[in-house]
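> Take this structure, written in structure tokens, and hold onto it; I'll ask about it next.
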Amino acid sequence: MEKIYDTIIIGGGPAGYSAALYCARNARSTLVIEKLSAGGQMATSPHIENYPGFDEAVDGFDLAEKMQHGAEHFGAETMYETVTKLELSGEIKTVETTGGILKSKTVLCAMGAYPRELGLKKEAQLRGKGIAYCATCDGMLFKNKDVIVVGGGNSAIADALYLSKICHHVYLVHRRDSLRASKVYEDQLKDSGIDIIWNSRVVDIKEDGIVRGAVLEDVHTNKLREIACDGIFVAVGRVADTALVKDQLTLDDHGYILADETTKTNLDGVFAIGDIRSKPLRQIVTAASDGATASKFVEEYLMRLK
Ligand SMILES: Cc1cc2nc3c(=O)[nH]c(=O)nc-3n(C[C@H](O)[C@H](O)[C@H](O)COP(=O)(O)OP(=O)(O)OC[C@H]3O[C@@H](n4cnc5c(N)ncnc54)[C@H](O)[C@@H]3O)c2cc1C
């Protein structure tokens, strides 16, 4: 007879493996489907300082392995395939993968999000060597140093304000002549000491293996100028990985799956956890928290199905 899982979790980041740990400990048949390797975005950071329980920075890849092993220890399974199609309505959900078709009573969407890049030639190779996408995550690595924040929306301003308390000097580089931020943020900028460079975009990175500066272009005059800095924080938006579900689940205005603190979506038996969910803070600890919370409502739902 065809196996029907209690829970299939799409995505093996911290949200996915936290949910897997809790669901497996509830004695539910639990499968994590991951297209790359455990850890998601977390595994790309060698230096995590704000996940509780460690007195020194922890490597995201190591933390990912621990999360995966922890969940598998209690019986969760991992399948390394890509989920290609989902049928989420009805009591039994269908999950199509590159390795075959699976069935489950509940589905947890944990596909995460990714930061939008500037698209510069050296950007990828300098990631973690001065190019950063998360001020809350990496700000402390630039203590008393000079940094550039690129962007003009709420996240960019919030990042610049946060960094201005840690770094020696902060430049905010924006390609327009006005910000797209809430008034409350704009007011805070006034006395922050942040240098705003208007009508400019970063066109090149100065480096010698690590970031040393940025080349800016005035978008009106095309004039180039160079700014010395130790870090460039890219805050030009994040993209939620919702291509699979956007026709079935309700998304918020920014493209994240709409689900409140219960992690329940608009469809019964379907939950959204971690960075893919509409929420105020996207971090490892909040992703892990979502996974734990979801397990409570998965359990309630499965009990009701009987
Ligand atoms: C460079 C960097 C540094 C960071 N540093 C920190 C930090 O220091 N502290 C902190 O708290 N946070 C940090 N973050 C943020 C943190 O990593 C994320 O908030 C967290 O990983 C979100 O977890 P998640 O499980 O929701 O999603 P993700 O980590 O994005 O994982 C999603 C997973 O789903 C998989 N997936 C997607 N689509 C499919 C599919 N169709 N089929 C199968 N699998 C799929 C992906 O391969 C991925 O593994 C950092 C992020 C980045 C990018």
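> Can you confirm whether region 37-59 contains a residue that is of a type outside the set (A, V, I, L, M) and closer than 23 Å to residue 305 by Cα?
no
> Filter region 101-125 for residues that are of a type outside the set (A, V, I, L, M) and open to solvent by less than 30 Å² (accessible area, probe 1.4 Å) and give the result.
Hits for region 101-125 are 104, 106, 109, 112, 115, 123.
> Do the conditions hold for residue 98, that is, is it more than 23 Å from residue 26 (Cβ to Cβ) and of a type in the set (S, T, N, Q)?
So residue 98 passes the test.
> Within the group 196, 205, 166, 157, which residue is β-branched (Val, Ile, Thr) and out of contact with any helix residue (DSSP H, G or I) (no Cβ under 8 Å at 6 or more places or on another chain)?
Only one candidate passes the filter, namely 205.
> Here is a list: 78, 84. Which entry is near the ligand (Cβ under 8 Å from one of its atoms), outside any loop (DSSP other than H, G, I, E, B), more than 23 Å from residue 264 (Cβ to Cβ) and touching a strand residue (DSSP E or B) at 6+ places or on another chain (Cβ under 8 Å)?
The conditions single out 84.
> Here is a list: 242, 250. Which entry is over 12 Å from the mean Cα position of the chain (by Cα) and within 16 Å of the ligand (Cβ to nearest atom)?
Every option except 242 fails the conditions.
> Is region 181-201 home to any residue that is in contact with an Asp or Glu (Cβ under 8 Å, 6 or more places away or on another chain) and among the aliphatic types (A, V, I, L, M)?
no
> Also: How many of the residues making up region 27-52 are part of a loop (DSSP other than H, G, I, E, B) and either open to solvent by less than 40 Å² (accessible area, probe 1.4 Å) or of a type outside the set (Lys, Arg) (or both)?
Going through region 27-52 one residue at a time, the tally reaches 15.
> Just to be sure I understand the filter: pairs with C-beta atoms under 9 Å, separated by 6 or more residues or on different chains, first member in region 125-145 and assigned by TED's automatic domain parsing to the domain that holds residue 164 and under 12 Å from residue 162 (Cβ atoms), second member open to solvent by 90 Å² or more (accessible area, probe 1.4 Å) and within 12 Å of the ligand (Cβ to nearest atom). Which pairs pass?
Going by the 9 Å Cβ cut-off, the qualifying pairs are 137/49; 138/49; 140/49.
> Further question on the same structure: Can you tell me how many residues in region 160-173 are in a helix (DSSP H, G or I), modelled with pLDDT of 95 or more and of a type in the set (Ser, Thr, Tyr)?
Within region 160-173, residues that are in a helix (DSSP H, G or I), modelled with pLDDT of 95 or more and of a type in the set (Ser, Thr, Tyr) number 1.
> Report yes if residue 70 is within 28 Å of residue 103 (Cα to Cα) and touching a residue at least 60 places away in the same chain (Cβ under 8 Å), otherwise no.
So residue 70 does not fit the description; no.
> For region 174-220, give me each residue that is open to solvent by 90 Å² or more (accessible area, probe 1.4 Å) and either assigned to a loop (DSSP other than H, G, I, E, B) or over 19 Å from residue 161 (Cα atoms) (or both).
Once the filter is applied, which keeps residues that are open to solvent by 90 Å² or more (accessible area, probe 1.4 Å) and either assigned to a loop (DSSP other than H, G, I, E, B) or over 19 Å from residue 161 (Cα atoms) (or both), region 174-220 yields 175, 176, 177, 190, 191, 198, 201, 208, 212, 220.
> Sticking with this structure for a sec: Within the group 264, 306, 223, 206, which residue is of a type in the set (Lys, Arg) and modelled with pLDDT under 95?
The match here is 306.
> Another question about this same structure. Quick check on this structure: which one of 289, 295 is crowded, with 22+ Cβ neighbours inside 10 Å and in the same structural domain as residue 61 (by TED's automatic domain parsing)?
295
> Hey, another quick one. For residue 156, indicate whether it is under 22 Å from residue 240 (Cα atoms), part of a helix (DSSP H, G or I) and open to solvent by less than 70 Å² (accessible area, probe 1.4 Å).
The answer is yes for residue 156.
The values are calculated or read from the model by the stated rules, or taken from the named source; none is laboratory data. Since we're looking at a predicted model, the values are computed, not measured. When we count neighbours, we look across all protein chains shown, and the Cβ atoms used for this are built from the backbone with ideal geometry, even at glycine. What goes into the accessible areas is simple: the full protein's heavy atoms, side chains included, and nothing from ligands, DNA or RNA. Shrake-Rupley method; radii C 1.70, N 1.55, O 1.52, S 1.80 Å.
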